[in-house]
1. Kindly establish whether residue B:147 is without any contact (Cβ under 8 Å) to a residue 24 or more places away in the chain, more than 26 Å from residue B:768 (Cβ to Cβ) and assigned to a helix (DSSP H, G or I).
2. Just to be sure, is residue A:46 under 30 Å from residue A:153 (Cα atoms) and facing chain B (nearest Cβ under 8 Å)?
3. Being without any contact (Cβ under 8 Å) to a residue 24 or more places away in the chain and in contact with a strand residue (DSSP E or B) (Cβ under 9 Å, 6 or more places away or on another chain): is that true of residue B:565 here?
4. Scan the range A:131-152 for residues that are more than 7 Å from chain B (Cβ to nearest Cβ), in contact (Cβ under 8 Å) with a residue 40 or more places away in the chain and surrounded by fewer than 24 Cβ atoms within 10 Å (Cβ to Cβ) and jot them down.
5. Would you mind stating whether residue A:107 is crowded, with 24+ Cβ neighbours inside 10 Å and facing chain B (nearest Cβ under 8 Å)?
6. Filter the range B:607-621 down to the residues that are in contact (Cβ under 8 Å) with a residue 60 or more places away in the chain and over 10 Å from residue B:408 (Cα atoms), then identify the one that is surrounded by the fewest Cβ atoms within 10 Å (Cβ to Cβ).
7. Quick check on residue B:225: is it away from chain A (no Cβ under 13 Å) and crowded, with 22+ Cβ neighbours inside 10 Å?
8. Hey, residue B:709 hits all of (1) within 21 Å of residue B:371 (Cβ to Cβ); (2) surrounded by fewer than 20 Cβ atoms within 10 Å (Cβ to Cβ); (3) more than 11 Å from every other protein chain (Cβ to nearest Cβ) but one; which does it fall short on?
């Protein structure tokens, strides 16, 4: 039986009519038209559907939508500022050519955000470990790691500026 | 004149929408009243379909249509050889072959309906082994009517081999004499397994049939022209009635050429009069999305004591699978891996495409070259060792030179291989940064790869000058992630002296974009599209200058444009914006056409000519060759070197450092070239060390990312240990001297890794992937009991 649930997505309260077994990725994509979470495997392996739930990475293709009730959901669509300003990670992915086909990119960026929020100074190894569940067939990951290191550095500097 | 945009690291034109998650992919397309499709696949590798009963499925609420083999066209399709139906009719030839399809109101209902289709099968004996498939009296004949099948061009079957669908030959010099004259003759066999492209985006298509006259297909593809031809041929739509919308594509690597999803969605849409989406699951991508054809390559080389190749004989068997797909062409083109690099006075090449009851192979980055080059470059190291020669010096001694004919008689041009090798020699000689310790043994290896680009093709582009001085480039190439939209924008920007952000690219709809055959295949887009956009830009510029010349009474030859302004004899005369009537930035609604009426659109076609080879000898016509006609568009090269470590206790191999010296001609966008090189490296590491579709008597054991290991961040060498070096040999026909790069980036590294393993532990593994198990077994064998 379908039921109405309330989800908080990118700061907005949304009401959706869903079957209780539906995954979060299905609800985001098919009910809310948030297509940024991509479906690459539906087994939680490729990471293209990665989003943040209460700041933690979640493979939304295997995460029940019901489980997200009462939690803060962040998708790639919610990452840029209200003025359309890109997040430093998005800027770094562009500047460092970390984007090719772009299918894994939203998941990569959100995984990186969760990492940098928790660990503002990650080493290359820590970045690689954080990205282990995000598969990319185009890049060989080199420029992705580069971009995340650079974004971390930038975010640190801007924090220092606002604090100083 | 110095270039302003070409050769610069211009921001990718697609990057902003991609980091925002706004780039549209096929699976994102939703249409009103859209149905969802699923297919039923054969569980058996070879079986007769005795009976299909879909009545239970049809009765399920929400099911709108069920189709079986009876409902699909009788005509078979394929690339050269037409051997495949859209759904199996009577016989299924691989475990995974689609035999029925359902369209339902939602995907859950479609899933349930597929389970409700009852099929009675009669299992047939099946064939899995390539050598067995070569027999004259095989136990199983997979296509009993093979010799009657239609073909795109007539070619001779090997009538004594009923499972062989294609045989390609090259004959040059006198092979017996060559071996007789050689001081050293060595023969080895190499093998590669089936691997999957694993583009992270699974194939997806939506078809909407409008009346009986036209159809619109949204799809994830890398060659639109091929799809349009077949949709026309199979379903009777006229070209004007077939519209293909191909938004961004989440990686291709060859997998998105064969028709996997589109015809099924189309038939279901025809039957239901509603749009139908058919998106593959990952498991289905593994089962039916194509794969790299497994090859066994037997290679026999003769050399003299000086290290000159005297004779080379190669026999390759390509085990396609249940259908030939594009493998007929790969059977021919895999030979180019043995053609483009070395001088061999006496040469024979025989390659065979064979059927087996396994998932059909298709195009795969390298198009046969990665497998053949793995064999050759492993063998080159083995020969060098026997001769006591340095592997780089041995290779350099045998390199083809500018102006020299290769083994097909084609006169070579633009060969950067020597310089690439020199760069890698430096890598090989540099001292190691870390020490060897514990169970770890370090080694270094080198290999040289080449990749041709196929000919002939025609590529059209249009360039429109917009009222605000911006340009719109219309092209039909597929941006599957390689970044051709950025290349197109860079070329137009260069020709008009404007920045790339003033160029818009329209690429995704065949009702708007011009003809582009060959698609994003064969590393062809930079060269062919680049040329087409350059020509079209010049056409638009000439039209603009004619207008200005008439209006201002200045000679055309004196005109130039940059930054949106037009100069006559070096003096600013007017601007593109001023040429438009009524345009005033402060007057809304003022946009309009030119004072003289109309707008300016430039268009041109770039045709790559070629001369075909003789099918019996593989030789091209000498007179044509001397006139400059080639068999291919161009050749690209890359030398790869790696440092690896082997854990002798576990057999595990880790790549510590990787360097690639590449000749892709002049780089249009160096950072985007690095993207290809690094991505090719990642894919080649997987191919070399662990990727494999594991088959058990026709059943695929690992159709998912849990069991099929894709390289992750952890298998890549550290960021600072990945080096990309450009050794451009400019091509006279390339746009600004550019060639291509996508495939050669993947070719050769596999052999470099195998050579490095030999260097580390003295064990030569002749089969890919060199898994820990395989290497440990080889190490134990070497140790003895």
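The values are calculated or read from the model by the stated rules, or taken from the named source; none is laboratory data. Quantities reported herein were computed from a predicted structural model and do not represent experimental measurements. Neighbour counts run over all protein chains shown; Cβ positions are idealised from the backbone, glycine included.
1. Working: without any contact (Cβ under 8 Å) to a residue 24 or more places away in the chain: yes; more than 26 Å from residue B:768 (Cβ to Cβ): yes; assigned to a helix (DSSP H, G or I): yes.
When the stated conditions are applied, residue B:147 passes them.
2. Numbers: under 30 Å from residue A:153 (Cα atoms): yes; facing chain B (nearest Cβ under 8 Å): yes.
Yes: the conditions hold for residue A:46.
3. Details: without any contact (Cβ under 8 Å) to a residue 24 or more places away in the chain: yes; in contact with a strand residue (DSSP E or B) (Cβ under 9 Å, 6 or more places away or on another chain): yes.
In short, yes.
4. A:133, A:150
5. Numbers: crowded, with 24+ Cβ neighbours inside 10 Å: yes; facing chain B (nearest Cβ under 8 Å): no.
Criteria not met by residue A:107.
6. The qualifying residue surrounded by the fewest Cβ atoms within 10 Å (Cβ to Cβ) is B:616.
7. Numbers: away from chain A (no Cβ under 13 Å): yes; crowded, with 22+ Cβ neighbours inside 10 Å: no.
Spelling it out, it is not the case that residue B:225 is away from chain A (no Cβ under 13 Å) and crowded, with 22+ Cβ neighbours inside 10 Å.
8. (3)
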